Each structure stands twice: as C-alpha cells, then as structure tokens.
Amino acid sequence: DFTESGVALVRAGDVWGYINTKGGYVAYPQFDEAFDFTESGIARVRTGDLWGFIDTEGAFVANPQFSEAADFGENGIALVKIDARYGYINTTGKYIATPQFDIAYDFDEFGIARVGVDGKYGYINSNGKYIATPQFDFVGEFDENGIAIVMAGQKYGYVSKDCEYGAYLQFDEAHPFT
C-alpha cells in the first residue's frame, strides 16, 4: 500500500526498497529490513546490523549507524542506540540528546521521556534538556493529569509534568490516581 507521501515498500529477493505511484524507484531494493514511512515522512531501514533513516526521496537523513532505532513519533523524535547508550534524534538526523542513557523510553503526550543513567532515573523534555536529573530509583509514566509516581531510597512521591514536587518522597507505597 502507498503511504500518504505516495511511496510504497517493496521487496526484491531478500532486500527491500521503495517505489513511487508511477512505479519508479525512490530507493532501490538494498535494505535488509525496512518499514513504512511515518507521518514525519521518514522511514526506518536496516543495512547489515545497523539502522538508519531515509526520506521520501530515498536520501538518508541519518546513515545506518544505530544498533537499535525506533520510528519517529508524532513529535518528530526517534529513540536510537549506539553501542550500549540511547539517545534521540530529530527528523533532520541531528541529536536532540546524544547517546548517553543506559535506558530510555519514547516521549509521551506531554513531550517528556523517562531516561536512566547508572541505575538512577529522571525525565527529559523534547529539547533534550533534563526536567528532572537522574536521581530516582524509579520514575513512572505521567498519567492523563500529568502526574507521575517517583521513588528514591524506599520512599515514594508524586511529581507533576513540570517536575514540581507535589507530594515528594514521603510515602511507603504509592498508587496512581483514579
């Protein structure tokens, strides 16, 4: 099926490529694995063991260099991994956060991602800036009200999406608001 951008994923033998609505190649079959274009007009492709990203013209926006890569989200940011570190890139292939995290998650509806370094966890915004440095033993996802559970030193608390501390690290147990 053709995407909204007028490009379809095709396989020739063991490799994948992309064609336009006129049947011409946008990217000749050359990829060991490939995915449809996202709303951002970028597709994730794998050559050998490495992932990269191409645009609807078939040009690389990020050359294959990542050991892991996720599709671009609605915010135009993709989670990538080089060696043992995670980072984030934008649709031009530029880092918004260089690979520095031991663990990282996709951005949520508020433009916040959970990240971890050396066993401690925090949050970054979609500009790659910390809104809470890795200081917690656990950080939860923000609920629809923009509240998350955090834990440090066996005490739980709640933080808001701007990481102002409402009920900060004072409880033996904490549950999501219902």
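The values are calculated or read from the model by the stated rules, or taken from the named source; none is laboratory data. Keep in mind it's a predicted model, so treat the numbers as computed, not measured. We place every Cβ from the backbone using ideal geometry, glycine too, and count neighbours over all the protein chains shown. Quick note on the areas: whole protein, heavy atoms, side chains included, nothing else; ligands and nucleic acids left out. Shrake-Rupley method; radii C 1.70, N 1.55, O 1.52, S 1.80 Å.
As an exercise, identify the GluC sites (Glu not before Pro) in segment 26-63 lying in DSSP coil whose Cβ has no more than 13 other Cβ atoms within 10 Å.
Sites meeting the loop and neighbour criteria: 39, 57.
Expressed as a rounded percentage, what relative contact order does segment 82-178 have, with Cα pairs under 8 Å and six or more residues apart?
15 percent
Could you list the trypsin sites (Lys or Arg not before Pro) in segment 1-84 that lie in coil according to DSSP, counting only those with at most 16 other Cβ atoms within 10 Å of their Cβ?
Here the sparse-neighbourhood loop sites are 22.
Between segment 23-60 and segment 99-178, what's the alpha-carbon centroid distance in Å?
34 Å
Number of Lys pairs in the chain with C-alpha atoms less than 28 angstrom apart, excluding same-chain neighbours closer than eight positions?
Here the count comes out as 12.
Compute the relative contact order of the chain as a whole-number percentage, counting only Cα pairs closer than 8 Å that sit 6 or more residues apart in sequence.
Normalised by residue count, the contact order of the chain is 9 percent.
Out of the total accessible area of the chain (probe 1.4 Å, heavy atoms of protein only), what percent is carbon and sulfur?
46 percent
With r defined as the distance between the Cβ atoms of residue 74 and residue 20 and R0 fixed at 25 Å, what FRET efficiency is calculated, to the nearest 0.05?
The pair residue 74/residue 20 has a calculated efficiency of 0.50.
What is the Rg over Rh value, at two decimals, for segment 109-178, using alpha-carbon atoms and the Kirkwood definition of Rh?
The Rg/Rh ratio comes out at 0.94.
For residue 143, what is the net charge nearby, where nearby means another residue's Cβ is under 11 Å from its Cβ and Lys, Arg count +1, Asp, Glu -1?
-3
Would you mind checking which residues have amide H under 5 Å from residue 66's amide H? H placed 1.01 Å from N; only 5 or more apart, or other chain.
Correct list: 51.
Mind grabbing the base-10 log of I(q)/I(0) for the chain at q = 0.09, 0.12, 0.19 Å⁻¹? Debye formula, identical points on the C-alpha positions, no solvent, two decimal places.
-0.40, -0.63, -1.10
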